Each structure stands twice: as C-alpha cells, then as structure tokens.
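Undergrad: First, the structure itself, so that you have it in front of you.
The values are calculated or read from the model by the stated rules, or taken from the named source; none is laboratory data. Every value quoted in this text rests on a predicted model; they were computed, and no experiment measured them. Because the Cβ atoms are built from the backbone with ideal geometry, glycine has one as well, and the counts that use them run over all protein chains shown.
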Ligand code: NAD
C-alpha cells in the first residue's frame, strides 16, 4: 500500500519532463493520475500506467480558463475529486524586454501563473470539504532570483511563489497545504532548446553548451532530475509534510545560495 493509494493526483503539463517525472513518483505511491499536456500523450500515459494505477488524460490548453474548468470537472467526474494538484505546465521565451513579443508575454503569464490560480480555485472546495489536500506549484530558481532576458518567466515564477504563500495562508488551519518547488536546471525539452540555442550561437558542441549553461548558474555542475523533484513532491504529500506550508523549496545545485 503506497502513501497515496486511493487518492488522485492531477499534474498539469505531465506529458513531458518534470511533470511526467513527478506524476510517475506520485503513481509509484499509488495515486491515480490525471495527466495533461501536449505531444506524445500515448507514450507518457503508458509510462504512468506501467506503475499499475489508473490513468486519465485531459488535453486542456492551460492558457484557456474554460478548458481548465472542463479539466477539473473531468477529474472530479472520473475519480471523485483531486487530492493532489501539481501546477507544473510551463513555457519559456527568451528576449530583452524591449524586443519581447507581447503575445509571448501574455502566453508565459497565462500558462506559468494564471493557470495555477484557476486550477487552485477549482480544486480547493473539495480539498477543504475533505480536510485534506496538497497543492504543489512548480516554480523555479527564477521564482527566487532573476536572469536577464527572461522577464515574463521570472515575473510568472515569482508570482507563483506569491500565490503559493497566499494559498498556504488561506488553508493554514485545514488539512490542505500548498508549497512550491524551485528547480535549477533540469535537462528537459524546455532546457534542451536553450542548450541548442547556445551551441548554435557560439558554434560549440552540445556538451560544451550544457557545461556553459550549468557553469553560469549551478555550482554543483549537475542537472537536477525529474525523479529528484518527484521525491520532494512525495515528501510534501506525506505525513511529515502536514505542517509544511508556503515554502518555496529550491532544488538547484546551489544556484540561489550564491
Ligand atoms: P517541458 O517542456 O518538458 O514540459 C512542459 C509541459 O507543459 C509539457 O507537458 C507540455 O505539453 C506542457 N504544456 C506547455 N504548454 C501547455 C499548455 N498551454 N497547456 C497545457 N500544457 C502545456 O518542460 P519542463 O522543463 O518539464 O517544465 C515543467 C515546469 O518546470 C515548467 O513550469 C518550467 O517552468 C519548470 N521548470 C523547469 C526547469 C528546467 O530546467 N527544465 C527549471 C525550473 C522550472
């Protein structure tokens, strides 16, 4: 019997990278999983189903509030309610502020920040009624410190840390907790794009570009893995996490310790 047997976890953006890794760790603990995201849905679903739990998928575009409402209603209909909500879907765009496309700013804020507000407001009533719930917001080291050319992302991720604190305060006397995870570099498709851009811009190899990226920010010179982040999510869900409220926990190889 796992820590989360009989419970349901909804992980946004769980068809790839960190979301998929967290979903897998929650499934190993017995949670039924509602997946969301784009790309190779069948392969991602098969990875989760291999753990033996029930898996459902909803293709809501997290930039669209009506689709988020439909996804939350679908999860409630399928499994009764959402016990663990992981707000993970996210995108990146890199440009100086004066060149930042307005449409990209709006998309980054909608997907990385506003979607978490919508999913949280829709998940909370059932969690409060059951007096148990876990809301885990996947922020970033960029929720704690900034980098140039990432205005929308840094604003959204700092905003997500703020939303985490408010959610934790509004649930402080209940069995619902809300915390944020702040990863440093994780080698997912989102970061591989930045590695590729660096390799192309500087005419260097993929490995050299990875070392440069790590060297700029991450003293450990190691990528954090989705499985390590999943382990932290499991900790937040366990009994030792009962009174952990409103933290923004960095797993970043020393990035923000500098
Ligand atoms: P990824 O590109 O591998 O995965 C992103 C996921 O979000 C995918 O499942 C994708 O389909 C989904 N997604 C994107 N737009 C969506 C939309 N409009 N609606 C629904 N789903 C959508 O990226 P990742 O690195 O795994 O990133 C996951 C989260 O972790 C993001 O919030 C990201 O900001 C955060 N993060 C990543 C890193 C890193 O180094 N990779 C570091 C810190 C934080």
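Undergrad: Quick check: anything in the range 110-121 buried (at least 19 other Cβ atoms within 10 Å of the Cβ), more than 12 Å from the ligand (Cβ to nearest atom) and modelled with pLDDT of 95 or more?
TA: yes
Conditions tested, residue by residue: (1) assigned by TED's automatic domain parsing to the domain that holds residue 30; (2) within 22 Å of residue 128 (Cα to Cα); (3) out of contact with any helix residue (DSSP H, G or I) (no Cβ under 6 Å at 6 or more places or on another chain); (4) not in a helix (DSSP H, G or I).
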| position | (1), (2), (3), (4) |
| --- | --- |
| 200 | no, no, yes, no |
| 204 | no, no, yes, yes |
| 210 | no, no, no, no |
| 229 | yes, no, no, no |
| 249 | yes, no, yes, yes |
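Undergrad: Considering only residues of the range 4-14 that are farther than 16 Å from residue 133 by Cβ and surrounded by 24 or more Cβ atoms within 10 Å (Cβ to Cβ), which is nearest to the ligand (Cβ to nearest atom)? Write out each step before concluding.
TA: Narrowing the range 4-14 to residues farther than 16 Å from residue 133 by Cβ: 5, 13-14.
Narrowing further to those that are surrounded by 24 or more Cβ atoms within 10 Å (Cβ to Cβ): 13-14.
Values: 13: 3, 14: 6 Å.
Only one residue tops the list, namely 13.
Undergrad: Output the residue which, of all residues in the range 79-103 that are crowded, with 16+ Cβ neighbours inside 10 Å and over 26 Å from residue 235 (Cβ atoms), is farthest from the chain's Cα centre (by Cα).
TA: Restricting to residues being crowded, with 16+ Cβ neighbours inside 10 Å and over 26 Å from residue 235 (Cβ atoms), the top hit is 100.
Undergrad: What number of residues within the range 43-79 are touching a residue at least 12 places away in the same chain (Cβ under 8 Å), more than 13 Å from the ligand (Cβ to nearest atom) and in contact with a strand residue (DSSP E or B) (Cβ under 7 Å, 6 or more places away or on another chain)?
TA: Final tally of qualifying residues: 7.
Per-residue answers, yes or no, for (1) at pLDDT below 95; (2) surrounded by fewer than 24 Cβ atoms within 10 Å (Cβ to Cβ); (3) closer than 20 Å to residue 11 by Cβ:
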site: 128; (1), (2), (3): no, yes, no
site: 131; (1), (2), (3): no, yes, no
site: 134; (1), (2), (3): no, no, yes
site: 139; (1), (2), (3): no, no, yes
site: 149; (1), (2), (3): no, yes, no
site: 157; (1), (2), (3): no, no, yes
site: 161; (1), (2), (3): no, yes, yes
site: 164; (1), (2), (3): no, no, yes
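Undergrad: Restricting attention to the range 10-22, which residues are closer than 17 Å to residue 62 by Cα, in contact (Cβ under 8 Å) with a residue 40 or more places away in the chain and in contact with a strand residue (DSSP E or B) (Cβ under 9 Å, 6 or more places away or on another chain)?
TA: Across the range 10-22, the qualifying residues are 10, 11, 12, 13, 14, 17, 18, 19, 20.
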